[in-house]
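K.L.:
I'd like to ask you about the structure that follows.
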Amino acid sequence: MNVKLSRWFSDHWLLVVNTFFLVYATLPLAAPVLLANGYSGPASLIYRAYGLTCHQLPSHSYFIAGHQVAICQRCLAVYMTMALAGLIYGFSLFRWPVISFKWVLLFVIPIAVDGGLGFVSQLSLFIPLVVFWLLGLTAATLLSVLLYRRQALTWQAILFMAAGPFTLLYLQFFGSHESNWWLRTITGAIYAIGVVWFFYPALALGFRSASPSNPSPSEISPESHF
């Protein structure tokens, strides 16, 4: 039974993952609709469940029928985009190339900068900005040395680490930063695209090579890596 289940999952993993993210992205939208129609019990259950992974700040959330969506705008953008990107991946007529983690860093930079600006802006009300400069430069130096020794100090990694000083320079010259709905939505969507592009082709390659009904890894034509 376990062998059959494993074989089925190897052949249908994308269906499982896409179904999960479609449901996971839709339930937060259902919560305010349920609440508006008097179904407070199921709505409260959804709010509590998603509250474990999201801050659910009203100022960072959408509203439907006068009630707050169960997750913030950024989380909603991430899950919705992962569901949409997963469907696009499934219906693609070509095989997506496998990308290395260094390229994923480029998709993380927008969400890291926008979220980091807001986070440090709040903390800078109580902590001097010079403390963040000391911590940031120390962390960047140590990480650079570690990556250099591992021969992994790529330009993508350098650009990712440069986002920290850029954030602090912005706050130094322009003051505090408050994100808005479209920044949270766009940065969340970009991040989700990077996650899907990194994991899904790699998972597909792994499941194809592991499936008994498919050719061995040596018989599979190599994927593009860049």
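K.L.:
What residue, among those in segment 7-33 that are open to solvent by 50 Å² or more (accessible area, probe 1.4 Å) and touching a Ser or Thr at 6+ places or on another chain (Cβ under 9 Å), is nearest to Val196 (Cα to Cα)?
P.N.:
Filtering segment 7-33 for residues that are open to solvent by 50 Å² or more (accessible area, probe 1.4 Å) and touching a Ser or Thr at 6+ places or on another chain (Cβ under 9 Å), the one nearest to Val196 (Cα to Cα) comes out as Asp11.
K.L.:
I'd like to know if segment 211-218 contains one or more residues that are part of a helix (DSSP H, G or I), exposed (fewer than 13 other Cβ atoms within 10 Å of the Cβ) and at pLDDT below 90.
P.N.:
Scanning segment 211-218 turns up at least one residue that is part of a helix (DSSP H, G or I), exposed (fewer than 13 other Cβ atoms within 10 Å of the Cβ) and at pLDDT below 90.
K.L.:
If you don't mind, there's one more thing I want to ask. Could you check segment 20-33 and list, in sequence order, the residues that are among the small types (Gly, Ala, Ser) and either out of contact with any Phe, Trp or Tyr (no Cβ under 9 Å at 6 or more places or on another chain) or part of a loop (DSSP other than H, G, I, E, B) (or both)?
P.N.:
The one that is among the small types (Gly, Ala, Ser) and either out of contact with any Phe, Trp or Tyr (no Cβ under 9 Å at 6 or more places or on another chain) or part of a loop (DSSP other than H, G, I, E, B) (or both): Ala30.
K.L.:
Take the conditions on the phi < 0 side of the Ramachandran plot and within 21 Å of the chain's Cα centre (by Cα) and apply them to Ala85. Does it pass?
P.N.:
yes
K.L.:
Would you pick out the residues in segment 126-146 that are surrounded by 12 or more Cβ atoms within 10 Å (Cβ to Cβ) and among the polar types (S, T, N, Q)?
P.N.:
Ser144 - this is the single residue of segment 126-146 that is surrounded by 12 or more Cβ atoms within 10 Å (Cβ to Cβ) and among the polar types (S, T, N, Q).
K.L.:
Scan segment 56-95 residue by residue and report those that are open to solvent by 40 Å² or more (accessible area, probe 1.4 Å), touching a residue at least 40 places away in the same chain (Cβ under 8 Å) and over 20 Å from Ile111 (Cα atoms).
P.N.:
Selection gives Leu87, Gly90, Arg95.
K.L.:
Can you pull out every residue in segment 1-42 that is under 19 Å from Ile64 (Cα atoms) and of a type in the set (Val, Ile, Thr)?
P.N.:
Val23, Thr26, Val33
K.L.:
Let me ask something else. So in segment 151-199, with the set limited to residues that are touching a Gly at 6+ places or on another chain (Cβ under 7 Å) and either β-branched (Val, Ile, Thr) or in a helix (DSSP H, G or I) (or both), which one is surrounded by the fewest Cβ atoms within 10 Å (Cβ to Cβ)?
P.N.:
Among them, the one singled out is Pro165.
K.L.:
When Tyr47 is evaluated against the numbered criteria (1) farther than 23 Å from Val196 by Cβ; (2) surrounded by 16 or more Cβ atoms within 10 Å (Cβ to Cβ); (3) touching a residue at least 40 places away in the same chain (Cβ under 8 Å), which criterion, by number, is the only one it fails?
P.N.:
(3)
K.L.:
Moving on to the next point. Do any residues in segment 1-18 that are of a type in the set (Gly, Ala, Ser) have Cβ atoms under 7 Å from those of residues that are open to solvent by less than 70 Å² (accessible area, probe 1.4 Å) and modelled with pLDDT of 85 or more, where the two are at least six apart or on different chains, and which pairs are they?
P.N.:
The qualifying pairs are Ser10/Phe207.
K.L.:
Tally time: how many residues in segment 34-70 are within 25 Å of Ala85 (Cβ to Cβ) and part of a helix (DSSP H, G or I)?
P.N.:
Looking only at that region, the number is 4.
The values are calculated or read from the model by the stated rules, or taken from the named source; none is laboratory data. This structure is a prediction, so every number in the text was calculated from the model and none was measured. All Cβ positions, glycine included, derive from the backbone under ideal geometry; neighbour counts span all protein chains shown. We work out accessible area using only protein heavy atoms, side chains counted, and drop any ligands, DNA or RNA first. Shrake-Rupley method; radii C 1.70, N 1.55, O 1.52, S 1.80 Å.
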